[in-house]
Amino acid sequence: MDNIEKIEKYLVKNFDQHEIFEERSNQRSISFESNNLKEVSSNQSQGFAARAIKDNQITFSSSSNYDYENFISNFKELSNYPIPIDIRFPEQKDSKNTIIYDDEILSYKNEYLIETLKKNINKILLSFPNASCDAGFSLAESNSNLRNSSKLNINSQESFISFYISSQIINGNDMLNIYKYKNSVNAINEKDIDLMVSELCKELSIAQNIVDTPKKGCPVIFTPHGLYQTLLSPLLVSFSGTNLSKNLSSLCGKEGEKLFDEKIIISDDPHIDYSPASRNYDDEGVVTKKNILINKGIFDSGLYDLKTGSESSKKSTGSAGRSVHSNPSPTTSNIVMDEGQITINNIISDIDEGILVDHLLGAGQGNELSGNFSANISLGYKIEKGEIIGRVKNTMISGNAFDALRDIEEISLERDQVYGSMMLPYLHTKNVEISS
Amino acid sequence: MNNNYENLINDVLKTGNGDYKEIRLEENKSSRITYSGKVRENISINSRLGGSVRAMANGGWGFSSFNDIYQAPQKMKETLTLAKYNSNELFEIEKNNPIRTKISPVLKKDPRKIKLSEKINILDHYKDLILSQEDIESCDIIYADTDRKVVFADSKGNNIEQNFIHVVLRIAAYSSDGNEMLQSGFSIGSLGDYGIIENLDSEILDCAKKAKDLIDAPKVEGKETTVVLDQILAGVFVHEAFGHLSEADNVYENERLKEILTLGKKFGNKDLNITDGAKIPNLRGSYEFDDEGTPATKTPLIREGILTGRLHSNETANKMSEEATGNARAISFAFPPIVRMSNTIIENGKDKKEDIIKDTKDGLYVKNWYGGMTEHEMFTFSSAETYRIENGEIKETLRPVKLSGNLFTTLKNINGIADDLLINQGGGCGKGGQMPLPVSNGSPHIRINKCLVSNG
């Protein structure tokens, strides 16, 4: 009998319900720094966690060393201080077959990846000889097994590939840095990379021109990335079952109320093929489903795992996420915001003086539960007479996500992937403050 | 650590060729207790075992990490293959006198000897105390202690075993103005002293009162203004505003940055002195040897406003022809060492805090922290407490603010450094996906002119 079977036997004997989660992963990465290959690395990791319930009280522990004696002794000590809980580990049900694994990633050879990175850095250096570029690939494959006392037994296999490239140009005391990336389950093809690199070059040339910050109260347009960092990041905190179950979220008890502009539709969709954030079962074994968070401005639902769902008298929404060494908690899968009807070029061309916000520094470090945000605009552009004319510096943006989304101007037709787990449009709003 | 590792280490270092090879093995056990509101949310004990090997070839690195340590010799073989993809300028790892040593942990009151029940009792008491205060709606408590044993060995004959015991506690109290949740909190930490967790009643009452005071506090409008920073926030400021750019891995292969950050260049006024050093004893960023086996030092970064030093790994020191400072650190065996701060402080000045405030006509007194971030020359950091200063007096409480600045102007805008240095050990630092690394920051009260602030 291997150690994990011994542990399982101990759990069966001493508890009403139990669950074991095991994960093994292999990852390799290649990174270039300052235009040169810097490091080629690999990472192997494994570990397991157990949760067990007796008399509606739960105990959790995790380990990566598979030492039976040690694990049981920790578990016994912890079970003297269990945490109240009212859940049943789920039985196995049929799920969708969203594609979250592709063995194609194993076929990428290091030589090819290194060559691709080198080629693209050289492409940037051709136009910007004084640039200093970092770039990299990371590829991972992971296998997990989740089984519980309700006879659920799920094996899951996932793959992941990410690419990034960034370029820094220093002029005097100004350090400009522009960063592009893409994450996927199966492949990042050369066409995607070409597109990212040509966008990066285009932005580098505009951004080297530093211009005055527009006046306070000007229209503000967020890029998909800027939209996540400023408005959605604090907003999503309030949709988490963790905060809803404890009455910390300002959305508590407001299901069905119109809290946002009716142009806003946001959902959490775990069933997008080849997206790294997709999942057929959540990390407690609950079958996943698409959850609508905001429907035409109306707050529809938060995201719950078993525990926070039970504490809120709601069902799990199939949103449990976890790492080996942490308890499950509600997490997002793919956050998708519906597109609008106007192109971003048309939005920009209507603006006399405004600002396009792309990257923020220090966002998410305040009191996010309040919806407040405040950050330095690390990459933002000035719009003048319908055109992007240059980059703004030493400028801060602040506001409240709830206020900013209550009444918005426009949402763009185009959408873009953000962090490999979100599909977001450009958004134009007036209810934020710029200071410089 | 387990004696069997000695043979494993020898096998790994004998594997293959390569210009330089090293291995780290780590045993780690951490206990964590968290509360959210009335309920104890989580108690867990995690144990981890793992290792990593790193090899240099053709002027670059191969690195592999693993949980299954008996794979280590095989992983070294693979790592040597990975390293050979490099084709960079060659450099030497200079280590002349091999060290074989085993270093005992810094310990005052050992958290490993405190029963779980005792830890829970004291935290239960703090939770009840916060929640019994008027207008307090909820609280967060996060307690953790970690016992980390690491052995480092390399092909130059070094073999160094170190043991670190860390204790951290974060407490936050929540109030509400009917519209927004408001919070006040504090973080403390120590190297090897559970005693810091005890006798915190007055700090907790103070924290609850501050959360209550926020209810009627007005928001600050975004503007440029004079700010007086308390020691804790000034510590975060020096870490973000200057510390990260003193890390040589940002600089050593970037010709333009090398010019900008030439030693001898003026970055601040004559009364500004900044130091980083793991050699400063008994703090959370203290150690005898870094994760490349280099002895810790104390590095003067700024003396009388002039840039005098920077933080190095072996590689960056070699490539910049400067001395290694022992600042190559990894958060765990799973990551390669990179250049990091340890204990970073602004040294005492000659001013008195009272005089600095008295001398400020219009501005903000900002205290305590939520966080901070740096991106190249720009940085932001956020206060947990803010008060208006008017005609030299501290007035009403305001909502927390975010402060933002630029390396090249903000350090020169410091125009008041008090003589009341205090070091905060409740923070952790993130870089390159490695977070939170134990560090400490310290400073006396300082005043900065023309700092950009906005409602946090």
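The values are calculated or read from the model by the stated rules, or taken from the named source; none is laboratory data. Only a predicted model underlies this, so the values are computations on that prediction, with no experimental measurement involved. Please note: Cβ atoms are built from the backbone with ideal geometry, for glycine as well, and neighbour counts cover all protein chains shown.
What to note about this one:
- Whichever residue in segment B:400-425 is in contact with an Asp or Glu (Cβ under 6 Å, 6 or more places away or on another chain), more than 21 Å from A:SER398 (Cβ to Cβ) and assigned to a strand (DSSP E or B) and, among such residues, is farthest from the other protein chains (Cβ to nearest Cβ): B:ALA418
- Options A:SER278, A:SER316, A:SER312; residue that is more than 24 Å from A:ILE154 (Cβ to Cβ), modelled with pLDDT of 95 or more, of a type in the set (Gly, Ala, Ser) and surrounded by 17 or more Cβ atoms within 10 Å (Cβ to Cβ): A:SER312
Conditions tested, residue by residue: (1) within 7 Å of another protein chain (Cβ to nearest Cβ); (2) surrounded by fewer than 19 Cβ atoms within 10 Å (Cβ to Cβ).
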{"residue": "A:ASN26", "(1), (2)": "no, yes"}
{"residue": "A:LEU37", "(1), (2)": "yes, no"}
{"residue": "A:SER45", "(1), (2)": "yes, no"}
{"residue": "A:PHE48", "(1), (2)": "no, no"}
{"residue": "A:PHE60", "(1), (2)": "yes, no"}
{"residue": "A:SER63", "(1), (2)": "yes, no"}
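- Among the residues making up segment A:185-212, those that are part of a loop (DSSP other than H, G, I, E, B), of a type in the set (A, V, I, L, M, F, W, C) and farther than 14 Å from A:ILE377 by Cβ are A:VAL185, A:ALA187, A:ILE188.
- Identity of the residue in segment B:77-108, outside any loop (DSSP other than H, G, I, E, B) and within 12 Å of another protein chain (Cβ to nearest Cβ), that ends up surrounded by the most Cβ atoms within 10 Å (Cβ to Cβ): B:THR79
- Subset of segment A:247-276 (residues that are free of Cβ contacts under 8 Å to residues at least 60 places away in the same chain and either in a loop (DSSP other than H, G, I, E, B) or not assigned by TED's automatic domain parsing to the domain that holds A:ILE408 (or both)): A:ASN247, A:LEU251, A:CYS252, A:GLY253, A:LYS254, A:GLU255, A:GLY256, A:GLU257, A:GLU262
- One residue stands out among those in segment B:156-207 that are aromatic (Phe, Trp, Tyr) and under 23 Å from the mean Cα position of the chain (by Cα): the one that is nearest to the other protein chains (Cβ to nearest Cβ), which is B:PHE186.
- In segment B:112-135, residue modelled with the highest pLDDT [restricted to those that are within 13 Å of chain A (Cβ to nearest Cβ) and not in a helix (DSSP H, G or I)]: B:ILE114
- Single residue of segment A:5-24 satisfying the filter (in a strand (DSSP E or B) and more than 10 Å from chain B (Cβ to nearest Cβ)) that is farthest from A:PRO84 (Cα to Cα): A:GLU23
- Some residue of segment B:59-70 being surrounded by fewer than 20 Cβ atoms within 10 Å (Cβ to Cβ), at the interface with chain A (Cβ under 9 Å from one of its Cβ atoms) and at positive phi: yes
- Selection within segment B:308-329 - within 14 Å of another protein chain (Cβ to nearest Cβ) and crowded, with 23+ Cβ neighbours inside 10 Å: B:SER313, B:GLU315, B:THR316, B:ALA328
- Test for A:SER205: is it under 23 Å from A:ILE344 (Cβ atoms) and more than 14 Å from chain B (Cβ to nearest Cβ): yes
- Selection status of A:ILE388, in the same structural domain as A:ASP350 (by TED's automatic domain parsing), touching a Phe, Trp or Tyr at 6+ places or on another chain (Cβ under 6 Å) and surrounded by fewer than 23 Cβ atoms within 10 Å (Cβ to Cβ): yes
- If the condition is being under 13 Å from the mean Cα position of the chain (by Cα) and under 19 Å from A:GLN168 (Cα atoms), then segment B:229-246 contributes only B:HIS244.
- When residues of segment B:376-386 are limited to those that are under 16 Å from B:LEU452 (Cα atoms) and part of a strand (DSSP E or B), the one modelled with the highest pLDDT: B:THR386
- Complete set of residues in segment B:426-455 that are within 8 Å of the chain's Cα centre (by Cα), within 14 Å of chain A (Cβ to nearest Cβ) and part of a loop (DSSP other than H, G, I, E, B): B:GLY427
- Restricting A:LYS215, A:LYS182 to residues that are basic (Lys, Arg), in contact with a strand residue (DSSP E or B) (Cβ under 6 Å, 6 or more places away or on another chain) and either within 27 Å of A:PHE163 (Cβ to Cβ) or not in a helix (DSSP H, G or I) (or both) narrows the list to A:LYS182.
- Any hit, segment A:347-357, residues being more than 20 Å from the chain's Cα centre (by Cα), away from chain B (no Cβ under 14 Å), crowded, with 23+ Cβ neighbours inside 10 Å and outside any strand (DSSP E or B): yes
- Condition check for A:ILE53: more than 9 Å from chain B (Cβ to nearest Cβ), crowded, with 18+ Cβ neighbours inside 10 Å, more than 26 Å from the chain's Cα centre (by Cα) and more than 30 Å from B:GLY59 (Cα to Cα): yes
- Members of segment B:33-56 found to be touching a residue at least 40 places away in the same chain (Cβ under 8 Å), in a strand (DSSP E or B) and within 9 Å of chain A (Cβ to nearest Cβ), listed by number: B:ILE33, B:SER36, B:ARG40, B:ILE43, B:ARG48, B:GLY50, B:SER52, B:ARG54
- Considering (1) surrounded by fewer than 20 Cβ atoms within 10 Å (Cβ to Cβ); (2) under 22 Å from B:PRO281 (Cβ atoms), the lone condition that B:ARG340 does not fulfil carries the number (1).
- Of the residues making up segment B:150-169, none is free of Cβ contacts under 8 Å to residues at least 40 places away in the same chain, in contact with a Gly (Cβ under 9 Å, 6 or more places away or on another chain) and surrounded by 22 or more Cβ atoms within 10 Å (Cβ to Cβ).
- Matching residues, segment A:422-436, being assigned to a loop (DSSP other than H, G, I, E, B) and either within 14 Å of chain B (Cβ to nearest Cβ) or buried (at least 20 other Cβ atoms within 10 Å of the Cβ) (or both): A:ASN431, A:SER436
- Of the residues making up segment A:81-99, one or more are within 16 Å of A:ILE188 (Cβ to Cβ) and either more than 14 Å from chain B (Cβ to nearest Cβ) or charged (D, E, K, R) (or both).
- In this entry, A:GLU69 passes the filter for residues that are more than 9 Å from every other protein chain (Cβ to nearest Cβ) and either outside any loop (DSSP other than H, G, I, E, B) or farther than 19 Å from B:SER44 by Cβ (or both).
- Applying the set (1) in a strand (DSSP E or B); (2) within 14 Å of chain B (Cβ to nearest Cβ); (3) under 22 Å from A:LEU259 (Cβ atoms) to A:ASP403 leaves exactly one unmet item: (1).
- Every condition in (1) among the charged types (D, E, K, R); (2) away from chain B (no Cβ under 14 Å); (3) crowded, with 21+ Cβ neighbours inside 10 Å is met by A:LYS258 except one, and the failing one is (3).
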